[in-house]
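As structure tokens, the structure follows; a few thoughts come after it.
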Amino acid sequence: MSTRPSILIARNVFPEVLAKLREHFDVDTNDEDNPLSPSQLAARLQGKVGVITTGSERVDAALIAACPQLKIVANIAVGYNNFDLPAITAAGVLASNTPDVLTETTADFGFALLLATARRLTESEHFLRAGQWNRWALDMFAGAEVNGSTLGILGMGRIGQAIARRGAHGFGMKVIYNNRSRLDAQTEADCKARYVDKAELLRTADHLVLVLPYSAESHHAIGAAELAQMKPTATLVNIARGGIVDDAALAVALREKRIAAAGLDVFEGEPKVHPDLLTVPNVVLTPHIASATIATRKAMAHLAADNVIAYLTQGKTVTPLNPEVAGQR
Ligand code: 8YV
């Protein structure tokens with residue numbers, strides 16, 4: 001019998017990441033690559049000291065209690081609303097995420113979605129593919145201006161700042177933002193961003209990009225009341241998390257043209273999508289792919305693996321969410 005520690009990788013990762021982990025551990029894999037429920041995870045984690053998860057696996061208090069040997073949960077994602085972090089921390093289990101490596105890639109996608117939404121890319125492509133393009137017209141698929149317009153950002157962490165830099169420096173946009181805390185003056189100057197309250201952000205933005213973490217506090221941060229404060233010409237882009245936007249209220253606002261358009265990469269209850277969003281034309285929909293370049297997804301998987309290797313072989317932390325628990329278990 002092997003005396004090497006055992007870990008579980010909850011979802012398929014790249015072969016080189018698996019090989020790197022196998023140099024140190026007995027590695028159990030989920031070759032079907034289906035998300036595992038907390039009870040399935042608990043069963044698979046018996047006798048294991050580490051697990052690599054993605055945003056699709058929930059790590060809750062019951063799971064942690066059922067796995068007394070577990071020392072580290074490493075998420076392949078920067079967001080960690082799938083973790084009950086207080087419960088994980090209380091049990092002395094280290095939790096880690098994958099910040100930084102996805103910042104620029106995710107900001108690129110945020111901008112791609114903003115442009116696609118404002119300039120009606122998918123709507124016009126559907127029209128063309130349906131054989132409906134039989135003449136050119138001056139106002140055909142005329143969308144909203146991006147260059148020189150006002151970019152609003154709700155949530156101004158690393159990704160929000162990277163989007164602000166693109167807007168300000170690349171597209172000559174006026175950038176306004178709202179965040180739990182105001183940035184320091186140097187960072188505001190680098191991003192050419194001006195702090196405003198949420199009401200001014202909603203009222204003033206031509207394009208509003210959501211990049212804030214999901215929490216009880218940010219649940220439905222954009223609902224019917226907030227949508228009603230936005231310009232009827234505005235676009236809304238969500239690359240943060242489902243649940244930050246009230247998708248049912250958004251579908252109504254889009255249908256009634258209370259805002260011009262939306263670009264959504266994340267959804268409440270994904271991979272299910274609110275059926276009303278599938279029937280309105282003025283929305284661009286993508287399946288949670290903002291960080292999905294090969295290089296970035298590899299970097300994320302490597303970083304999660306590095307967290308597990310460093311902690312279990314040397315007691316060191318790389319990108320911990322709760323460094324205070326190091327060595328407690
Ligand atoms: C992940 C993300 O791909 O990092 C995040 O928070 O939303 C994405 O980059 C997704 O969560 C899968 O783990």
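None of the figures in this text is laboratory data; all of them are computed from the coordinates on show. Just so it is clear, the structure is predicted and the values come from calculations on it, not from any experiment. Don't worry about glycine lacking a Cβ; one is built from the backbone with ideal geometry, like all the others, and counts go over all protein chains shown.
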What span do the alpha-carbon atoms of the chain cover on each of the three principal axes, reported in whole Å from largest to smallest?
-> 74, 50, 33
Taking a ≥ b ≥ c as the square roots of the Cα gyration tensor eigenvalues, with a/c under 1.5 meaning rounded and otherwise prolate when a/b beats b/c or oblate if not, region 196-279 comes out oblate
Among 132-140, 229-237, 72-80, what's the highest-first ranking by average C-beta atoms within 10 angstrom per residue?
-> 72-80, 229-237, 132-140
Express the relative contact order of the chain as a whole percentage, based on alpha carbon pairs under 8 Å and six or more residues apart in sequence.
-> 18 percent
What residues of region 189-227 lie in the reach of a label at R182, counting those whose backbone N is under 18 Å from a point 7 Å from the Cα along Cα→Cβ?
-> 189-202
So which DSSP H runs in the chain come out at 15 Å plus along the axis (Cα) with average Kyte-Doolittle of at least 0.5?
-> 103-118
Cβ under 15 Å from R255's Cβ, R255 left aside: what net charge do those residues give with Lys, Arg +1 and Asp, Glu -1?
-> -3
In whole angstrom, the spacing between the Cα centers of region 8-50 and region 148-181 equals 38 Å
Would you mind estimating how fast region 103-285 diffuses translationally, via Stokes-Einstein at 20 °C and 1.002 mPa s with the Kirkwood radius over Cα pairs, in µm²/s?
-> 130 µm²/s
Between W133 and Q40, the two model label points (7 Å from Cα along the beta-carbon direction) sit apart by a distance in nm of 4.2 nm
In percent, how large is the relative contact order of region 103-285, given Cα pairs closer than 8 Å and 6 or more residues apart?
-> 21 percent
Highest-first arrangement of 277-289, 148-160, where packing means the average Cβ count within 10 Å = 148-160, 277-289
Please report how far the C-alpha centroid of region 51-78 lies from that of region 105-130, rounded to the nearest whole angstrom.
-> 35 Å
Given backbone amide H placed at 1.01 Å from N, residues whose amide H is under 5 Å from that of V78, ignoring those fewer than 5 places away on the same chain, are T98
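Counting only other residues whose beta carbon sits under 15 Å from that of D139, what net charge do I get with K and R as +1, D and E as -1?
+1
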Listed residue (C67, P5, A310) projecting farthest to the positive dipole end of the chain, Cβ model | A310
Mind ordering 48-57, 248-257, 184-193 by average Cβ neighbours within 10 Å, highest first?
-> 48-57, 248-257, 184-193
Approximate spin-label separation D197-A228, in nm, with each point projected 7 Å along Cα-to-Cβ | 1.8 nm
